[in-house]
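The values are calculated or read from the model by the stated rules, or taken from the named source; none is laboratory data. Owing to the predicted nature of the structure, the values given are computational and were not obtained by experimental measurement. Cβ sites come from the backbone with ideal geometry, for glycine too, and all protein chains shown count toward neighbours. Side chains are part of the model used for accessible areas, which takes the heavy atoms of the whole protein and leaves out ligands, DNA and RNA. Shrake-Rupley method; radii C 1.70, N 1.55, O 1.52, S 1.80 Å.
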Amino acid sequence: MFMGHVRKHALWIIAVLSLLVGLIWRYSYVIVDHRATNYIYSDMKSYVDRALNFINPHYVETIADTVYPPGMHMLLGVLYVLDPSWNLAIWVQLILSCLIPLLVASIAYLLYGKNVAYLALILSSLYFGFIDYAGYFLAENAYTFCIVAAVLLLVISMRARSNVLWLIAALSAGVMLAVSASLKEAILVPAALVGLFLLYLAWERHSRKIFIMVIASCLGATVVLAPLSERCTTLSEGAFCVTSNNGALTMLLGHHGEVMTTEFYDNKRGYMHGFQPPPFVQLGYQGVQKFDFGAYDAESNRAAAWSWVAEHPIEAVLLSLRNVFQLFWGSVPWPSSHTDGKYMTIFFQQLFLLVVLIPVCVFVWNNAGALLRCDSKYCADIFILLPVIGLMAAVFLSLGDPRYRIPFDGFLMIIAARMYLGIDGKLSAVATSLARA
């Protein structure tokens, strides 16, 4: 009788054990073995330097401060004020990393039920990619948390029966989306696709509530993005930008031939920036290209990229496809590619390919027609896949790196878990119930 009870609840038991192992692993990695203060160089040093500038009352921001979104260095700056030893910042990274599997499992539970949630919790708890980035002063860990939280809040909004709860959840989802954009602006394309899909559901189900939910999310996002956009646009001397000018920069880096290093010289303002994307190093690119404008000059960056694309249309398409391919395979995520964690990262990327990515690709291939038709049975799957598809679209136009994909891996884990267990999603039923409410 006892063994029968254990077999019945085996998935739940494994999920709990996986969560506990994941928590211990995270603590050991982030607090003991891989403290972020031991890895302050390159991008990590840039984040720390900008954080210290942010809290320096004598520092005056310039157009050079629009190269990257401001969210992470603002967070690090505040945490440094509270604790100059950086211990608080390290613990915040740990806490966010510990919460991510719970958020992923919560989305799976609300859309597919408890068994899919258990399996998603197992996969996300033991996934090294979600642990590794908590060990650096980089934006990826906080970005992952915010993206998953925003999607969870949208699902809560759709499932809530209380008018107050679903409205608060929708507004909060927009806020979390905007915070995500303050960390990495690439989230805007996935967010737009999800928003369009929800508007489609609102139209198809004649649902005023879903429509209002989308509007409320947009309002929540606007509250956060408006001041960030005002800051960026003002620093950019009137040239509009949302949170940074990074999108145009990465577009040029990804669409100007197979060149290793790109240097920007703004002689008028006296600024120089150099970039050597890690995938380019691993792909063996060579040479240096130089531009006589700033890395923050979005208009010039886009113009140079489109000019090169017009001159090399076939090569541009092939590079764009390679960018998308690079998200999933072809290089080792940085900075682990240059640390002792390289082989652990390689192992888990290959494991992810076998256990998650290939099964998801099979699922999409087998159900492509129904997914393209937005069949009601697959509404939940479309909703969960759209952030990944949006990322692929953004990368097609900019620059590919597996580092960009890892924050979205939780969504692929949910689809893989749903496919393994053969459980259909509930989003269509939720949308219908909202329409009838």
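Cβ-Cβ below 7 Å, separation at least six or inter-chain, first residue in region 79-97 and within 15 Å of residue 131 (Cβ to Cβ), second of a type in the set (Val, Ile, Thr) and open to solvent by less than 40 Å² (accessible area, probe 1.4 Å): which pairs?
The qualifying pairs are 90/30; 90/31; 93/30; 94/30; 94/31; 97/30; 97/131.
Residue 318: open to solvent by 70 Å² or more (accessible area, probe 1.4 Å) and either of a type outside the set (S, T, N, Q) or touching a helix residue (DSSP H, G or I) at 6+ places or on another chain (Cβ under 8 Å) (or both), yes or no?
yes
Kindly indicate whether any position in region 290-298 is under 30 Å from residue 350 (Cβ atoms), open to solvent by 20 Å² or more (accessible area, probe 1.4 Å), out of contact with any Ser or Thr (no Cβ under 7 Å at 6 or more places or on another chain) and charged (D, E, K, R).
no
Does residue 343 satisfy the criteria of being of a type in the set (Phe, Trp, Tyr) and under 14 Å from residue 128 (Cα atoms)?
Criteria met by residue 343.
For region 181-260, give me every one of the helices (runs of 4 or more DSSP H) that falls completely inside it and has 3 or more residues that are more than 18 Å from residue 404 (Cα to Cα) and touching a residue at least 12 places away in the same chain (Cβ under 8 Å).
Here the list reads 188-204, 208-235.
I'd like the full set of residues that are part of a loop (DSSP other than H, G, I, E, B) and of a type in the set (Asp, Glu), limited to region 262-299.
Passing the criteria: 292, 297.
Suppose we keep only residues that are open to solvent by 10 Å² or more (accessible area, probe 1.4 Å) and in a helix (DSSP H, G or I) within region 327-337. Which one would you say is nearest to residue 33 (Cα to Cα)?
If we take residues in region 327-337 being open to solvent by 10 Å² or more (accessible area, probe 1.4 Å) and in a helix (DSSP H, G or I), then 337 is nearest to residue 33 (Cα to Cα).
Filtering region 343-381 down to residues that are outside any helix (DSSP H, G or I) and without any contact (Cβ under 8 Å) to a residue 24 or more places away in the chain, which residue is least open to solvent (accessible area, probe 1.4 Å)?
For region 343-381, the residue satisfying everything is 367.
Can you tell me which residue in region 410-428 is modelled with the lowest pLDDT, limited to those that are in contact with a Gly (Cβ under 9 Å, 6 or more places away or on another chain) and either surrounded by fewer than 24 Cβ atoms within 10 Å (Cβ to Cβ) or of a type in the set (Asp, Glu) (or both)?
426
Just to check your reading of the model, which residue among 207, 236, 217 is under 30 Å from residue 62 (Cβ atoms) and not basic (Lys, Arg)?
Answer to the check: 236.
Is it fair to say residue 313 is surrounded by fewer than 21 Cβ atoms within 10 Å (Cβ to Cβ) and not aliphatic (A, V, I, L, M)?
Yes; evaluated as a whole, the condition is true for this residue.
Please give the number of the condition residue 161 fails out of (1) assigned to a helix (DSSP H, G or I); (2) surrounded by fewer than 22 Cβ atoms within 10 Å (Cβ to Cβ).
Result: residue 161 passes all but (1).
Given the options 384, 389, name the one that is in contact with a helix residue (DSSP H, G or I) (Cβ under 8 Å, 6 or more places away or on another chain), touching a residue at least 40 places away in the same chain (Cβ under 8 Å), open to solvent by 30 Å² or more (accessible area, probe 1.4 Å) and within 23 Å of residue 145 (Cβ to Cβ).
389
(1) of a type outside the set (Phe, Trp, Tyr); (2) open to solvent by 40 Å² or more (accessible area, probe 1.4 Å); (3) touching a Pro at 6+ places or on another chain (Cβ under 8 Å): which one isn't true of residue 340, the others all being true?
(3)
Here is a list of conditions, (1) closer than 26 Å to residue 217 by Cα; (2) touching a residue at least 60 places away in the same chain (Cβ under 8 Å), and residue 119 meets all of them except one; can you say which number that is?
(1) is the only condition that residue 119 fails.
If I filter region 398-406 for residues that are in contact with a Gly (Cβ under 6 Å, 6 or more places away or on another chain), at pLDDT 95 or above, open to solvent by less than 60 Å² (accessible area, probe 1.4 Å) and under 20 Å from residue 103 (Cα atoms), do I get at least one hit?
Looking through region 398-406, at least one residue is in contact with a Gly (Cβ under 6 Å, 6 or more places away or on another chain), at pLDDT 95 or above, open to solvent by less than 60 Å² (accessible area, probe 1.4 Å) and under 20 Å from residue 103 (Cα atoms).
Being open to solvent by 70 Å² or more (accessible area, probe 1.4 Å), under 26 Å from residue 188 (Cα atoms), within 27 Å of the chain's Cα centre (by Cα) and polar (S, T, N, Q): is that true of residue 234 here?
yes
Condition check: more than 18 Å from the chain's Cα centre (by Cα) and either open to solvent by less than 10 Å² (accessible area, probe 1.4 Å) or at pLDDT 95 or above (or both). Does residue 148 satisfy that?
Against the criterion (more than 18 Å from the chain's Cα centre (by Cα) and either open to solvent by less than 10 Å² (accessible area, probe 1.4 Å) or at pLDDT 95 or above (or both)), residue 148 does not qualify.
All but one of (1) over 30 Å from residue 401 (Cβ atoms); (2) under 20 Å from the mean Cα position of the chain (by Cα); (3) open to solvent by 50 Å² or more (accessible area, probe 1.4 Å) hold for residue 167; which doesn't?
Condition not satisfied by residue 167: (2).
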